[in-house]
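Sharing a structure with you now.
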């Protein structure tokens, strides 16, 4: 338990002690007077009213010091990176109006659903990746970054993961020359939510997706993957050519399973709109003060009222 005003507690306890001493002295004098008069000594019920009053004053003294109990409170908090695929294939219209626009809408809904205790950042990725909004409790920054996204280039899922880890840690994260996953410490309150069609096309320049996912797993970072598109797919025009593009679920499932996240398929706009409700962020537990003054004041008033009532019933007078 903590106190906001310890000096008030000391002063209140001194007043309570003085009142208790006065009651004891008065009781002894009363007992001596009764003994001298040959009357029966007073029993405990005679002093019940005074005892309740002293107890009420003592409780009130504690209440005035502003006591608070530290209780563990679970809440959603931490850092979330929205990794947004802006590759050319995200311009496909098998999800209306197109994959990127649908993903943007779902991402905005996800941001709107998060409390201020969650810092949200945005990473846009294609062959490379760029942090377009650093993690911040001001969610309007993330919303503006989402709105600015445009389709361009190929897709590199591994690079997306490493760039997201960079945004989380604030330090450049890359695989070793031998492809080994780096040790970046432990970040259990961080989560990556990746919106992508899963097509991993970087023409040999892609970082190893599985090793990048292992780096996230070692750091305690969960990755939730949101598959945008349909497995049947459609065609998209690139440099005058019509190329077939479809949702590739296998790498997205692998990434989610490796890191302890979940894969969320979203083959139409309606399912994408509900993705904010399907992604469960982890709860953190922090000690927060629970004020006790109100409850103690209520108890003090009850004791004082009981003491006054007992005194009135016994003597017919308040004092």
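Looking at 12, 49, 91, which one is in contact with a helix residue (DSSP H, G or I) (Cβ under 9 Å, 6 or more places away or on another chain), more than 30 Å from residue 220 (Cα to Cα), surrounded by 14 or more Cβ atoms within 10 Å (Cβ to Cβ) and modelled with pLDDT of 85 or more? I'd like the intermediate steps shown before the answer.
Values: 12 fails: modelled with pLDDT of 85 or more; 49 fails: modelled with pLDDT of 85 or more.
Within the list 12, 49, 91, the selection yields 91.
If you take just the strands (runs of 3 or more DSSP E) that sit entirely in the stretch 200-319, which of them hold at least 3 residues that are at pLDDT below 90 and out of contact with any helix residue (DSSP H, G or I) (no Cβ under 7 Å at 6 or more places or on another chain)? Working first, answer last.
Numbers: elements: 222-228, 234-238, 241-245, 263-266, 283-291.
Hits in the stretch 200-319: 234-238, 241-245, 283-291.
Return the residue satisfying two criteria in turn: it lies in the stretch 211-233 and is within 13 Å of residue 94 (Cβ to Cβ) and surrounded by 17 or more Cβ atoms within 10 Å (Cβ to Cβ), and of such residues it is farthest from the chain's Cα centre (by Cα).
First, the residues of the stretch 211-233 that are within 13 Å of residue 94 (Cβ to Cβ): 227-233.
When the remaining residues are screened for being surrounded by 17 or more Cβ atoms within 10 Å (Cβ to Cβ), the result is 227-230, 233.
Values: 227: 26, 228: 27, 229: 31, 230: 33, 233: 38 Å.
Out of the qualifying residues, it is 233.
Now for a separate question. Against the definition (within 21 Å of residue 117 (Cβ to Cβ), buried (at least 21 other Cβ atoms within 10 Å of the Cβ) and at pLDDT below 95), how does residue 191 come out, yes or no? Write out each step before concluding.
On the way: within 21 Å of residue 117 (Cβ to Cβ): yes; buried (at least 21 other Cβ atoms within 10 Å of the Cβ): yes; at pLDDT below 95: yes.
Spelling it out, residue 191 is indeed within 21 Å of residue 117 (Cβ to Cβ), buried (at least 21 other Cβ atoms within 10 Å of the Cβ) and at pLDDT below 95.
Here are some residues: 124, 103. Which one is under 19 Å from residue 247 (Cβ atoms) and at pLDDT 90 or above? Give the derivation first.
Working: 124 fails: under 19 Å from residue 247 (Cβ atoms).
Answer to the selection: 103.
Here's a follow-up. Looking at (1) more than 28 Å from residue 210 (Cβ to Cβ); (2) within 20 Å of the chain's Cα centre (by Cα), which is the one condition that is false for residue 147?
(2)
While we're on this one: Tell me yes or no: at least one residue of the stretch 162-175 is under 22 Å from residue 229 (Cβ atoms) and in contact (Cβ under 8 Å) with a residue 24 or more places away in the chain.
So the first thing to find is which residues in the stretch 162-175 are under 22 Å from residue 229 (Cβ atoms), and the list is 163-164.
Within this subset, residues satisfying the condition of being in contact (Cβ under 8 Å) with a residue 24 or more places away in the chain are 163-164.
Within the stretch 162-175, one or more residues are under 22 Å from residue 229 (Cβ atoms) and in contact (Cβ under 8 Å) with a residue 24 or more places away in the chain.
Answer yes or no as to whether residue 72 is part of a strand (DSSP E or B) and at pLDDT below 90.
Numbers: part of a strand (DSSP E or B): yes; at pLDDT below 90: yes.
Yes, satisfied.
Conditions (1) assigned by TED's automatic domain parsing to the domain that holds residue 304; (2) under 30 Å from residue 240 (Cα atoms); (3) part of a helix (DSSP H, G or I); (4) more than 32 Å from the chain's Cα centre (by Cα), marked per residue:
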residue: 54; (1), (2), (3), (4): yes, no, yes, yes
residue: 81; (1), (2), (3), (4): no, no, no, no
residue: 110; (1), (2), (3), (4): no, no, yes, no
residue: 116; (1), (2), (3), (4): no, no, no, no
residue: 140; (1), (2), (3), (4): no, no, yes, no
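Listed residues 105, 127; which is touching a residue at least 40 places away in the same chain (Cβ under 8 Å), farther than 23 Å from residue 273 by Cα and surrounded by fewer than 17 Cβ atoms within 10 Å (Cβ to Cβ)? Steps first, please.
Numbers: 105 fails: farther than 23 Å from residue 273 by Cα.
That would be 127, the only listed residue that is touching a residue at least 40 places away in the same chain (Cβ under 8 Å), farther than 23 Å from residue 273 by Cα and surrounded by fewer than 17 Cβ atoms within 10 Å (Cβ to Cβ).
Additional query: Which of (1) part of a loop (DSSP other than H, G, I, E, B); (2) under 25 Å from the mean Cα position of the chain (by Cα); (3) closer than 24 Å to residue 229 by Cα is the odd one out, the single condition residue 187 does not satisfy?
So residue 187 meets the others, but not (3).
The values are calculated or read from the model by the stated rules, or taken from the named source; none is laboratory data. This one's a predicted model, so the numbers in the text were calculated from it and none came from an experiment. Cβ: placed from backbone, ideal geometry, glycine included. Neighbour counts: every protein chain shown.
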